[in-house]
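Comments concern the structure below.
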Amino acid sequence: MSYEPVVSHEAEAGDEFATRLKGYEGQRAAVARVGKDPVNAPMIRHWCEAMGDTNPAYSGPDAIAPPTMLQAWTMSGLSGHTRGTHAYDELLGLLDEAGYTSVVATDCEQEYPRPLRPGDEITYDSVIESVSERKTTKLGTGYFVTTRMDIRVGPDLAGTHRFRILKYAPRHRADLPGRQDRSQKPSRPRPRPVVNRDNADFWEGVQRHRLLIQRCTGCGTLRHPWLPGCNACGGLGWDTVEASGEGTVYSYVVMHHPPFPAFTASDHAADAAGPYAVGLIELAEGVRMLGNVLGVPYDKVRIGLPVQLEFQDCDEELVLPFWRAHGTREMQEAGA
Amino acid sequence: MKSGEEVTGRRMRAGDALPPLEIPITRTLIVAGALASRDYQDVHHDAELARQKGSPDIFMNILTTNGLVGRYITDHFGPTAVLRRVAIRLGAPNYPGDTMVLTGRVEEVDADTATVRVVGANGIGKHVTGTVTVTLPMDPACTVASEEPA
């Protein structure tokens with residue numbers, strides 16, 4: 001394993017990985033494969049039964065196969081393929097190893113230049129058309145892999161089939177490599193903050209570990225959360241001042257239910273989804289903001305407790321400001 | 001003689017809406033569709049393994065969706081309609097117990113060929129969006145009908 005700092009190691013590994021994936025574009029995914037069965041009436045009938053399709057064009061002496069059945073003739077079924085190119089399997093294997101273990105089909109584009117009829121023996125070739133950048137979707141983070149297949153009967157092109165899958169790491173399972181090196185980090189991602197035009201500079205500051213307070217350029221009033229205008233004078237002009245990082249607990253609530261592992265992870269070494277305290281912190285500058293209180297159990301948080309700003313990298317993308325009770329930093333490090 | 005465009009124009013016009021088709025998403029349909037398309041991925045027939053992979057239940061495979069979209073079009077235009085192209089994108093999965101309602105609208109008609117925009121919505125969102133290109137062979141009966149005075 002590498003002795004380099006974890007973060008930069010990941011960044012380098014990420015770029016290298018992306019380049020490696022891109023290298024599969026244009027490679028063959030299947031060469032001159034033969035359909036396991038010739039196009040046949042029983043499989044057509046089973047398909048029509050399943051789909052509830054009573055179209056008479058799909059039965060009788062002049063039957064054609066339902067055009068949308070195209071891909072079915074190329075499926076390997078339970079017994080798997082006997083021969084093919086390594087490139088596609090290798091690409092999927094690479095993604096599996098990297099933790100992108102789940103797969104879901106997202107797009108299917110088919111053209112049918114010539115109908116398939118019972119008795120037709122199909123052959124097909126397939127090429128890896130593209131591998132996307134790393135994308136974050138509702139399902140999780142992963143890569144879209146697009147293949148294009150040509151299906152022939154003898155020399156005639158009977159169909160083209162462009163197929164896109166998402167190979168992804170499911171959202172709830174942090175099983176990407178690299179995460180293993182960071183086992184103290186929460187495995188459940190925290191909800192993302194809502195970043196908009198009014199507060200973008202605040203979050204950009206947080207990313208750089210600077211807590212910025214908005215200040216009205218008209219009357220000098222500080223404000224938080226960030227707003228387009230000043231509550232005191234109505235002025236629209238603003239600049240920022242950086243918070244000193246000192247504050248006290250102005251108020252707090254303890255969340256018992258529902259359990260929310262994403263919010264307790266940074267407080268509990270065991271990653272238990274227990275209760276957690278939400279502090280309303282009054283900054284030395286006078287504005288108040290919400291945040292987790294670190295360093296003391298949820299039931300020991302008190303009004304007036306002095307706290308200090310601490311930025312934490314919650315995951316690869318998210319930095320958040322937290323509030324640590326004074327004098328608890330060393331305890332935390334000794335216990336880690 | 002009227003031109004082919006006018007003939008087919010009687011049967012498909014841009015903007016025409018297709019009557020909706022409701023498809024109950026039963027466990028049987030999902031499994032039958034997966035097997036008829038020779039797709040043995042466990043997430044399409046084994047609820048327990050599907051849950052282990054983070055899905056709340058089994059869900060319909062893309063080949064079945066493709067087949068249902070094709071059926072929706074040919075059910076409407078009849079057995080002489082020829083599917084030329086079907087392009088679909090999946091969104092919200094079809095889980096057992098849900099109902100998918102397919103709707104369609106003719107977007108474009110070029111001579112005997114129409115492009116139909118299809119949406120299949122279920123209880124949690126749009127399961128499928130896509131376009132189908134379909135050709136209707138010219139129907140002599142229609143030509144005769146079109147020559148009758150309006």
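The values are calculated or read from the model by the stated rules, or taken from the named source; none is laboratory data. Just so we're clear, the structure is a prediction, and the values are computed from it rather than from any experiment. In this analysis, Cβ positions are derived from the backbone assuming ideal geometry, glycine residues included, and neighbour counts consider all displayed protein chains.
What to note about this one:
- Screening B:V69, B:V31, B:V43, B:V82 for residues that are in contact with a Gly (Cβ under 8 Å, 6 or more places away or on another chain), buried (at least 18 other Cβ atoms within 10 Å of the Cβ) and hydrophobic (A, V, I, L, M, F, W, C) leaves exactly one candidate, B:V69.
- Filter pass, A:L280 being closer than 20 Å to A:L212 by Cα, modelled with pLDDT of 95 or more, within 32 Å of the chain's Cα centre (by Cα) and among the aliphatic types (A, V, I, L, M): yes
- For segment A:115-122, the count of residues that are more than 14 Å from chain B (Cβ to nearest Cβ), of a type in the set (G, A, S) and either in contact with a helix residue (DSSP H, G or I) (Cβ under 7 Å, 6 or more places away or on another chain) or closer than 30 Å to A:S59 by Cα (or both) is at least one.
- Unique residue being more than 7 Å from every other protein chain (Cβ to nearest Cβ), under 24 Å from A:K36 (Cα atoms) and out of contact with any strand residue (DSSP E or B) (no Cβ under 7 Å at 6 or more places or on another chain) when the list is B:D42, B:D57, B:D110, B:D46: B:D42
- Test: residue in segment A:265-273 that is surrounded by fewer than 15 Cβ atoms within 10 Å (Cβ to Cβ) and at pLDDT 95 or above: no
- Candidate set from segment A:134-144 (those that are away from every other protein chain (no Cβ under 14 Å) and assigned to a strand (DSSP E or B)); member that is nearest to the chain's Cα centre (by Cα): A:T136
- A:V131 falls short on exactly one of the conditions (1) in contact with a Leu (Cβ under 8 Å, 6 or more places away or on another chain); (2) within 11 Å of chain B (Cβ to nearest Cβ), and that condition is (2).
- Qualifying residue in segment A:67-76 (condition: among the aromatic types (F, W, Y) and within 8 Å of chain B (Cβ to nearest Cβ)): no
- The number of residues in segment A:205-217 that are under 17 Å from A:D313 (Cβ atoms) and either modelled with pLDDT of 90 or more or part of a loop (DSSP other than H, G, I, E, B) (or both) comes to 6.
- Segment A:142-185: number of residues that are at pLDDT 95 or above, over 27 Å from B:R89 (Cβ atoms) and crowded, with 16+ Cβ neighbours inside 10 Å: 1
- Answer from A:G119, A:G77, A:G60, A:G99 - the residue that is of a type outside the set (A, V, I, L, M), buried (at least 17 other Cβ atoms within 10 Å of the Cβ) and not in a helix (DSSP H, G or I): A:G99
- Within this structure, B:Y40 passes the test of being outside any helix (DSSP H, G or I), among the hydroxyl-bearing types (S, T, Y) and either under 15 Å from B:T129 (Cβ atoms) or without any contact (Cβ under 8 Å) to a residue 60 or more places away in the chain (or both).
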